[in-house]
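Where a number appears in this text, it was derived from the coordinates with a stated rule and is not lab data. The model shown is predicted, which means the values in this text are computed figures rather than measured ones. No Cβ is skipped: glycine too gets one built from the backbone with ideal geometry, and neighbour counts run over all protein chains shown.
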Amino acid sequence: MNHTEAHTPTGLGERMRTLRTRSGLKQQDLASQDISISYISLIESGKRTPSDAVLSAIADKLGCSVEYLRTGRDGHELGETHLKLAFGEMALRNGANGEALQTFSEVLAHRSVLDASMTRRALVGQATALEKLGRLEAAIPILEDLTHDPALAAGSDEWCRIAVALCRCYRNSGDITVSIEIGEQALAKLDSLGLDVTMDHIQLGSTLMESYHMRGDLTRAYLLGERLLQAAEAEGSYAARGAVYWNAGLVANSRGKLNEALALVERALAMMAEGDNQRHVGMLKMNFGYLLLQSDLPDPDRAKELLESAQQSLAEVGNAGELASCEISLADAEKALGHWDEAVAHAERALGLLGTEPRIQSVAARVTLAEIHFLKQEPERALQYLKAATRQLQHFPPSQECTLNWRYIGDLWQRHGEDVKEALKAYDMALSSAGVARTPHLQVSLADDRR
C-alpha cells in the first residue's frame, strides 16, 4: 500500500483513522477484548498514546507496519528512500548531474517519509546538482534555507559543506561581497568554536581566498593563504594542500609574481594527482594552462595540451561554468598559435555552455571573439562582439575580473583604432571597478566641459 499518496496524515491518530476509513472499517472493527471502542476513539482523537502491544494489534488489522503508524514512515519506503539518496550522491560523483537532480527531486517530493537528517541530505544534493548544472539562482535559496536549520550543528562537516557551497555560489553568480561576508562569518564561527582543522575548514578558507582574489583584495587573500598553508601542511591531506597551493598560485599571479604562481600551481597539480578528485585535477590543469599563456615567455603548445586534458576531465565531472572557462582558455591558446578558426569554435562553445544567465565568462568569451575577428580582418563581426561585451559588463558589480575585462576592451578599441572615445570610456570603467575614483577637480572640469 502506498501510504504517502494524496494527503499524508501528520499524527498517529490521524494516520490510524485515515487507514481505517480507506479500508472501509469501523472503530469497532479495530476493538478487541483488550482494546475498547472508546479507547480506539481516544487514540484517533490524539488523546491517548497506545502501548507497543496495542499499536501492534491495531497495525495488524489495518495491514500496515507499526513504524508507519508511529512515524508515518513505512519501513520499506524508508529503505527505498535511503537507496535513492545513495544513487543520487553516486550520480553526482560520476558527473551525471541531471540524473542526480531528478533523483533528489523525486526523494523530496515525498518528504513525509524523510526524517530531518535525510531531508537535509536530499536538499544538499539537490543544491549541489543545481550548482553543477549552472543554475545558481535556484541553488542559492535552498542553501540559504539550510543555513537557518536549527538542527544543523555549527562546525559539523555538513555545516561546513553548506557554507562552502553558499560562499561559492554567490561568488560564481557575481555577488562577491555577499560571498565574502558568508565566508568570513563561517570562518569566524569555526575560530570561536576552537575546533581542530579539518579538510572542510581548509576548503572553506580556500573558497574565501578565491573570493578575495576575484574582488581584487590581494592582501587579504595572501594573508589567508599563508595561514591556510600552515594548516594544510599539518592536516596532511594531498587534497587540502593542493587546494591551498592552487589558490595561492592564483593570488601570486595577480600580484605580478608569475614565476611563483607557476611553481605553486604546478606543485598543487602534483599533489592533486596523488588523490582521486578528477574535478580538482582538471581545474588545476586548466589554471596551469592559463598561467602558461600569461607568462612573459608563453608556451601555447604546452598550455593547449594541459587545457585539452582538463577539458576531458571536466566534461565528465565539471559544471557548465568550469567547462566554459576551459573553452575560453583553449580559444586563447589557439589564437596564440594562429589557429583562428579553432579559436572561434572554442569561444562560441563557451557561450553556448553559459546560456542566458549573466556570467562574467560570457563577457570574456565575447571579448575573445572580438579580438579573433579583428585578427581575421573581420571588423564588423568584431565590433558586434565588442559592443555586446561592453553592454553586458556594465551590469556587473566592481571586481578584479570586471577590471581586467574593461582593460581588455579598452586595449582592443585602442589597438585596432576603431574608437578612441570608447577606449577611454573602457579605461575609465576599469579604474572605477578597481576602486580608483576621479579627482574632484577633474569631475568639475568635466562638468564644465559638458556645459
Helical mean residue ellipticity (222 nm; -39500 (n - 2.57) per DSSP H run of 4+; nearest 500) of the chain: -24500 deg cm²/dmol
List, in order, the whole-Hz ³J(HN,Hα) value for each residue of the range 165-182 obtained from phi through the Karplus relation with A = 6.51, B = -1.76, C = 1.60 and θ = phi - 60°; use x for Gly and Pro. 4, 5, 4, 5, 5, 5, 4, 6, 7, x, 8, 5, 4, 5, 4, 5, 4, 5
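Rounded, prolate or oblate for the range 90-190? Axes are the square roots of the Cα gyration tensor eigenvalues, ordered a ≥ b ≥ c, and the cut-off for rounded is a/c under 1.5.
Values: a/c = 2.09, a/b = 1.28, b/c = 1.64.
Judged from the Cα gyration tensor, the range 90-190 comes out oblate (a/c at least 1.5, b/c at or above a/b).
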Point-to-point label distance, Asp428-Leu152, nm (Cα→Cβ direction, 7 Å offset): 4.4 nm
Using only the alpha-carbon atoms, how far is helix 420-433 inclined from the longest principal axis of the chain? Give it as 0 to 90 degrees, nearest 10. 50 degrees
Between Glu14 and Glu357, what FRET efficiency comes out of the Förster formula 1/(1 + (r/R0)^6) with R0 = 56 Å and r the beta carbon distance, rounded to 0.05? 0.80
Rounded if a/c is under 1.5, else prolate if a/b beats b/c, else oblate: with a ≥ b ≥ c from the C-alpha gyration tensor eigenvalues square-rooted, which is the range 306-441? oblate
Kirkwood hydrodynamic radius, computed over distinct alpha-carbon pairs, for the range 12-72: how many Å, to one decimal? 11.2 Å
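Kindly put Cys169, Cys326, Cys64, Cys160 in sequence by how many other C-beta atoms sit within 10 Å of each C-beta, fewest to most. Don't skip to the end; give the middle numbers.
On the way: Cys169 26, Cys326 31, Cys64 18, Cys160 22.
Going from least to most buried by this count: Cys64, Cys160, Cys169, Cys326.
Under a Cβ-only charge scheme (Lys and Arg +1, Asp and Glu -1), can you give me the dipole magnitude of the chain about the Cα centre, in debye to the nearest 20?
Values: 47 positive and 62 negative charges, 212 e Å.
That gives a dipole near 1020 debye.
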Relative to the Cα centre, what is the charge dipole magnitude of the range 368-441, using +1 at the beta carbon of each Lys and Arg, -1 at the beta carbon of each Asp and Glu, and rounding to the nearest 20 debye? 120 debye
Taking the alpha-carbon centroid of each part, what is the distance from the range 341-382 to the range 126-147 in angstrom? 28 Å
What nm distance separates the two modelled labels at Ser192 and Ser295, each placed 7 Å from Cα along Cα→Cβ? 4.6 nm
